Amino acid sequence: MAGPEIPEDVVFGDLDRSARAPLRTLTKDNANIVGRHLVMVGRLLDTDPELAYEHAQAAVRRGGRVDIVREAAGLAAYRTGRYAEALRELRTVRRLNGSSEHLPVMADCERGLGRPERALTLAQSPEAESLDPEARVELAIVVSGARLDLGEAEAAVAVLGTTEVRAAAGELAVRVAVARAAALEAAGRADEAGAELARFSAAQVSAVTQGPADDEDDIVVFDVEEDLDDVPSDEDARDSRDSAQAADEREHVPDEDVPGDEDAAGIPAGDEEDAGA
């Protein structure tokens, strides 16, 4: 099964340098194609999440043992409402690299699957304590939504009233205000809800509530930013059908960005934790 076409102007060097390193476990040619698919995921996630998902799946077929590939697949699945799939992929990422950075997204997937109790359990896990401040605010927004799902409006308001959450800046602050206003409205505090949103312009509020991937009112959508470098491409290549096993070919071609070493031993594309999802 061929993947979506990659425009000729998309090159491996467009991929963030930190994302290139894990692809060194692939052969040079394969890493080039996988990397270009990942560039497309980053470009399309906000504007055409379904096509971004197709590019992520093409990358998984070629490099499913690489954590950043599974990460892209999980986030694209999340943005297209495939919550069970996203949860499985992000669990796999956590097993591959030990990071819990996507815990807020995983908790929101539980909400999307109609399991707010599990979202709260994730938020109370030891891993949540290791999140950076911005991710903790993201998680608080999800927790507030989960409390609303459970009919606990005042608890939903309280979660977004901490000093750390109120100190959020930029677009995250707008998203906090929108979530807090929803909680206040549910708690019967309409005047306070209006005052919460009055701090921002209609355009700012619209930007976080009417995005192209925002298909459900109460599901929080997280932005994924691609930090792209201008580095020349290795070569142009189109995607073709290739299983994760075929991607393991042992062709060693040295390259500054993509050394042609063997695939990393790890979790095959189909080996996903499916418990409870």
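Some notes on this structure:
- Gain on full extension, evaluated as 0.36 nm per residue between Q210 and E192 minus their Cα-Cα distance, stands at 4.3 nm.
- Distance histogram in 5 Å bins (all Cα pairs of segment 7-98, percent per bin): 3, 17, 26, 27, 18, 8, 1
- Computed extension gain for T121 through R24, at 0.36 nm per residue and net of the alpha carbon distance, reaches 31.3 nm.
- Gained length - L113 relative to A2, 0.36 nm times residue gap less alpha-carbon distance: 36.9 nm
- In order along segment 119-126, the Karplus-derived 3J(HN,Hα) couplings, from 6.51 cos²θ - 1.76 cosθ + 1.60 at θ = phi - 60°, round to 4, 5, 4, 4, 5, 9, 6, x Hz, and Gly and Pro are given as x.
Read-outs throughout are calculated quantities, based only on the coordinates presented, and are distinct from any laboratory measurement. As the structure is a computational prediction, the values presented were derived from the model and not from experiment.
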